[in-house]
Amino acid sequence: MIDEANIANEMFINESLGRQGATEHPVTILTLNGDDPQLPLYQNIINKCVIIGNCPASIRSEMDKSKKKRGYYYFHWTFNDNPILTPKMKTSLRNQFPIGSYYHKTKILGERGKWGIMIFADYMTTELLVDVNAKDANGKPKYLFSHYAIGVDIAENRAHNVFALIGFEKDYKYCGVVDLFVFESEKDGRKLVGYTQKTELLKAFLAKHQGKGIEGIFVDSAEGNYIKDLQNVPQINGGHPVVPSYKATIKERIDLLIVLFNRGRCFFDVNKAIQGFQAYQSSTWVKGKEGKEREDNNLAMNDIMDAIEYAITRHMKALLQASERKVA
């Protein structure tokens, strides 16, 4: 059995099928999600199957073009066939992603689809730009953050350093990018800011947000030496533990943010964090690796996204499990 076969190595799948020839009763079971219909897996294996039961018309029309192979069968399942999901869960899932988006097509409808070049094109609307200090009609704060986290991305020879302040609602119904501080390390081959100066700037960023209930400072886990240095600075580590960021893959981070952006559960302060909104709005896939790898050309936008995600992934599980509420 090969699970998630659409993301498995083609040679590995072919080798597995080849070895079945040495058995009396060869059986191979592949499970997969909707993906690019031009993948060799579809063209050389799945499309050659006889369809058992129902499947979407779009898939049936694609498969009907291929000559069938004896002993190859295809069963189409959707989340409606999952016995674990309650009717309430299914309703929530159907509203998780915009109709027509890649995620809705592949995850909800179970159809095949291909990523567009812009990662967040379906999700980045101006509704995500808010004044985090806004008040409602009764004069009460519209956005209530019970605690905060700071994400830190540090550059060596790369373009930019970023400090990102993220606020979290107490039940993780939503979070907001409250403030961003972005600065260069080098320019035209000339060093502008060294590690000592970066530490002083982080002190100033912390002082600016004193009293906000900052639970910790989450630094790129690859910066082990700098993390140890910061842990020895009382003005930073005192009351604000400095720890490595959670090692979520970029794809895991993207999946989390798509869920949050789509439901209005992660937003950006229009006055201090608009660079974050613009970074995600401009984010693209690496050509030929759509849906798998985010393009990184050492631009400020990549460092900004990294810093934001180092803080947000601190509560990845809680954000995914929280009851959803569309933020007005």
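Coordinate-derived values only; no laboratory data. Just so it is clear, the model here is predicted, and its values are computed rather than measured.
Observations, loosely collected:
- When its C-alpha radius of gyration is set against 2.2 N^0.38 Å (N residues), the stretch 210-328 gives a value of 1.15.
- Relative contact order %, the chain, counting alpha carbon pairs below 8 Å whose residues are six or more apart: 18
- The Rg/Rh ratio of the stretch 56-167, with both radii computed over alpha carbons and Rh defined as the Kirkwood radius, is 1.14.
- 10 Å-binned pair-distance histogram of the chain (Cα, whole percent): 5, 22, 27, 21, 14, 8, 2, 0
- Each residue of the stretch 28-37 was assigned a 3J(HN,Hα) from its phi angle through the Karplus curve 6.51 cos²θ - 1.76 cosθ + 1.60 (θ = phi - 60°); the sequence is 10, 10, 10, 10, 7, 9, x, 8, 4, x Hz, with glycine and proline shown as x.
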